[in-house]
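Data block below; observations after.
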Amino acid sequence: MKHFAVTIIGRDRPGIVSDTARVLYELGCNVADSSSTILGGQFAMILIVSHPDFESSEPLQQAYAELESSGMSVFVRTLKPGGEMRPELPGELCMISVYGSDKPGIVYQVTRLLSQNNINIIDLATKLIGSEERPVYVMMCEAVLPATLSVEDIRDMLENLREELQVDISVRNVTPVEL
Amino acid sequence: MAVCEVLVYPDPSLKQVCSAADPQAAETSTLAQDLIDTMYASGHSVGIAAPQIGTSLRVAVVDVSESKLGRKHNHGLVVMINPEIIERSGQKTMREGCMSVPDYTGNVERAKEIVVQFFDQHQNDCIIRCKGFEAVAIQHELDHLNGKLFLDRISNPGTELFRRKH
C-alpha cells in the first residue's frame, strides 16, 4: 500500500481539520500518524495517509483543489516503501530548553552543535514571546542521545553556547519509564 | 510459578473495574506470584496489575529497587492486595509507558508522595509512605485496577509518539 505525507497550512479558522479529514474520508484514505498545531496565525497539519489503490499523489492533489482555492496550501509527498515506518530510536531522551532575549542564530547554533555530535532531534518547537520592545525567544528541543553521550555531556557541551549567545539553557532527562 | 502473557489494549480486561480480592484465598497468592514472575520475566518492567494478565481482581505488584530512578527510595518488592491510596501530596510529571500500550508514551502528572494501605501476600495489613518513582509506579498500577490507562491521564499531547527505550 502506498503512503503519502500531506502538509496543509493556511490562515487559522475553525473547520480546517474537519475540511481536511472530510476529503480523506471521502477518498477512502487512512490517516496514520499526524501532527497539527497553530504557528503564529497559521494552522499547520502534517499527516501520513495511505490508500489501498492509489499509485500516485494525483487523486489526493485533485481532491484538495477546492481547499486550496479557499486559500489553504496543500502539498502531497509520495513516500518510498517503508517511509511510513517509525525507526527504532534507542538511547536516552533529553529535553533541551533554550531561552533568552531574541537574537539571530539561536536555533542554528544550538542545532549545529547537536548535529555535530550525532544527536537526533525528534521534536522541536520555538516561540517568540515577551513584548515588542523586549522579545524573548523560547526553544524546546527533544533529542535522542547516542549511546556514547550522557545528559551531563550535553550540558557541558552547551555551556560555551550559553555564554556566547547570552541565553539560558537547561537539559533534563525525559526518557520514558515503563510501568 | 507462571509467567503469563501480558494483555495489550484493546483487550477488554484492561478497561474493567476490578473486584476486591480475598487476601486469605490460595488463588490470591497464586495470582500475586504470577504477577511477580511476569513482572521480573519482562526484564524492563517495574510493576504489573492483575488485569494486565486477564484477572479482574484488585492485586498489583511493584518493585523499583533495581531501576536507576527508584534505587534511592523504595520498599523493594511490594505486593498489594486491595490497595487504597489514603493520602497524596505534591506533583510529579514523568513520561510513562505501559506494557499494555506498546509503542506509546506520554507525560503524566501524579502525586509525588503517597500513603498506600493494602494487604500483602502474607495477609499483613500494611501502610507505607512512598515517594518519587515508586509512588508514580504504584499510582500507575492502581489505575489499572480501576480500568484506567495512562492514556486517560496524559497532560500534553505534544510529542508523545515514538518508540520508548526498552
Tell me, which strands (runs of 3 or more DSSP E) wholly within the stretch A:120-179 include 3 or more residues that are of a type in the set (A, V, I, L, M)?
A:120-130, A:135-144
Considering only the stretch A:8-46, how many residues are of a type outside the set (Ser, Thr, Tyr) and more than 27 Å from residue A:122 (Cα to Cα)?
9
Determine, yes or no, whether residue A:110 is hydrophobic (A, V, I, L, M, F, W, C), assigned to a strand (DSSP E or B) and in contact (Cβ under 8 Å) with a residue 40 or more places away in the chain.
no
Against the condition touching a residue at least 24 places away in the same chain (Cβ under 8 Å), buried (at least 22 other Cβ atoms within 10 Å of the Cβ) and farther than 29 Å from residue A:86 by Cα, how does residue B:46 come out, does it pass?
no
Mind listing just one residue for me: the one in the stretch B:131-166 that is surrounded by fewer than 16 Cβ atoms within 10 Å (Cβ to Cβ) and in contact with a strand residue (DSSP E or B) (Cβ under 9 Å, 6 or more places away or on another chain) and, of those, modelled with the lowest pLDDT?
B:166
Is one or more of the residues making up the stretch A:92-102 in the same structural domain as residue A:127 (by TED's automatic domain parsing) and loosely packed, with under 14 Cβ neighbours inside 10 Å?
yes
Taking the criterion of being at positive phi and either out of contact with any strand residue (DSSP E or B) (no Cβ under 9 Å at 6 or more places or on another chain) or of a type in the set (Gly, Ala, Ser) (or both), would at least one residue in the stretch A:52-65 satisfy it?
no
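The values are calculated or read from the model by the stated rules, or taken from the named source; none is laboratory data. The model shown is predicted, which means the values in this text are computed figures rather than measured ones. Ideal geometry is used to build each Cβ from the backbone, glycine not excepted, and the neighbour counts take in all protein chains shown.
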